[in-house]
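The values are calculated or read from the model by the stated rules, or taken from the named source; none is laboratory data. Since the structure is predicted, the reported quantities are computational estimates derived from the model, not experimental observations. Heads up, the Cβs are rebuilt from the backbone with ideal geometry, glycines too, and the neighbour counts pull from every protein chain shown.
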Amino acid sequence: MYRACIFDLDGTLVNTLYSIAYFSNEALKQLGYPTIEAESYRKIVGDGADMQIHRMLTAVSAGKAFTEQEATKLKEIYFQLYEANPIHLVREYPGMRETLLELKKADIPTAVLSNKPDAWTKAIISTLFPKESFELCFGQRPGIPRKPSPAGALTIADQFQINPKDILYIGDTNTDMQTGKNAGMDTAGVLWGFRDRKELEENGATYLLDAPNRILAVVNHKGKV
């Protein structure tokens, strides 16, 4: 069995799609840009705020080039809006809290690793989940390369004092599957998140899961699910 689990945040533990869409579109409106359909943010998010901002500007610029100054201004406004209420419209996925409780009962340590800024990540987790749900919780921090760099995942493995090959990395995007692979961890791609089965398969997901409680079966029967 696996001895620990690392979870992505957005699209894995919680549905933040409509929260991200809301704050992103508010920022776009303040600068006079058109807004983007909420469902389109499934492909826009996932690689950190800078990449998200660039993808947003690409989507609304109708093929015209945009400057880094424009990107910086949009990011500034987006951050101001998001920081004011990072849990706005955020919901945990059904069954996730119960799954985490079962992992806790089985003495499986759990951690969160997100490309979302660290303060926002911690605010969401501390608001939506019981305090004991996770031993470690990290968002994007200065000096730590963002995913798909394995740095954050390996830091967690080191703090858990568990070999990476005995840790299951759980996420919903190509970035997550690459992060786990880069860290020497098996990966579980979740089908309730922002991306689809094809993306997860193409990026080497060890397992594909259609519900949070399937995590328990994978943890308990490593390599046999």
Query raised in the report: Among (1) modelled with pLDDT of 95 or more; (2) under 20 Å from Q178 (Cβ atoms); (3) assigned to a loop (DSSP other than H, G, I, E, B); (4) not small (G, A, S), where does C5 come up short?
Result: (3)
Query raised in the report: Any idea which of (1) in a loop (DSSP other than H, G, I, E, B); (2) at pLDDT below 95 is the one P34 doesn't satisfy?
Result: (2)
Query raised in the report: Is region 89-99 home to any residue that is among the aliphatic types (A, V, I, L, M), closer than 27 Å to L154 by Cβ and at pLDDT 95 or above?
Result: yes
Query - Only listed residue being surrounded by fewer than 18 Cβ atoms within 10 Å (Cβ to Cβ), of a type outside the set (G, A, S) and in contact with a Lys or Arg (Cβ under 6 Å, 6 or more places away or on another chain), chosen from D107, D118 - result: D118
Report summary line: Residue hits (region 48-98; assigned to a helix (DSSP H, G or I), within 14 Å of N25 (Cβ to Cβ) and under 21 Å from the mean Cα position of the chain (by Cα)) are Q52, I53, R55, M56, Y78, L81, Y82
Report summary line: Note on region 193-208: residues touching a residue at least 24 places away in the same chain (Cβ under 8 Å) and either part of a helix (DSSP H, G or I) or under 14 Å from D8 (Cβ atoms) (or both) are G193, F194, R195, E199, L200, E202, N203, A205
Query raised in the report: Conditions: (1) over 19 Å from W192 (Cβ atoms); (2) assigned by TED's automatic domain parsing to the domain that holds F194; (3) of a type in the set (A, V, I, L, M, F, W, C). L103 meets all but one. Number of the miss?
Result: (1)
Report task. List every residue pair whose Cβ atoms lie under 8 Å apart, where the two residues are 6 or more positions apart in sequence or sit on different chains, the first residue falls within region 30-44 and is assigned by TED's automatic domain parsing to the domain that holds K64, and the second residue, located anywhere, is surrounded by 13 or more Cβ atoms within 10 Å (Cβ to Cβ) and among the basic types (K, R). Result -> L31/K73; R42/R195; K43/R55; K43/R195; I44/R55
Query raised in the report: Of the conditions (1) surrounded by 23 or more Cβ atoms within 10 Å (Cβ to Cβ); (2) in contact with a strand residue (DSSP E or B) (Cβ under 7 Å, 6 or more places away or on another chain); (3) of a type outside the set (F, W, Y), T173 fails just one. Which one is it?
Result: (2)
Query - Residues of region 136-167 that turn out to be loosely packed, with under 15 Cβ neighbours inside 10 Å and under 14 Å from P109 (Cβ atoms), as a count - result: 4
Query raised in the report: So, of the residues in region 119-143 that are of a type in the set (V, I, T) and under 16 Å from the mean Cα position of the chain (by Cα), which turns out to be farthest from Y82 (Cα to Cα)?
Result: I125
Query - Yes/no for K224 being charged (D, E, K, R) and modelled with pLDDT under 95 - result: yes
**Report entry** Candidates A183, A211, A151 - the one that is within 18 Å of G95 (Cα to Cα) and modelled with pLDDT of 95 or more
**Finding:** A211
Query raised in the report: Does E132 qualify as being among the acidic types (D, E) and either modelled with pLDDT under 95 or exposed (fewer than 14 other Cβ atoms within 10 Å of the Cβ) (or both)?
Result: yes
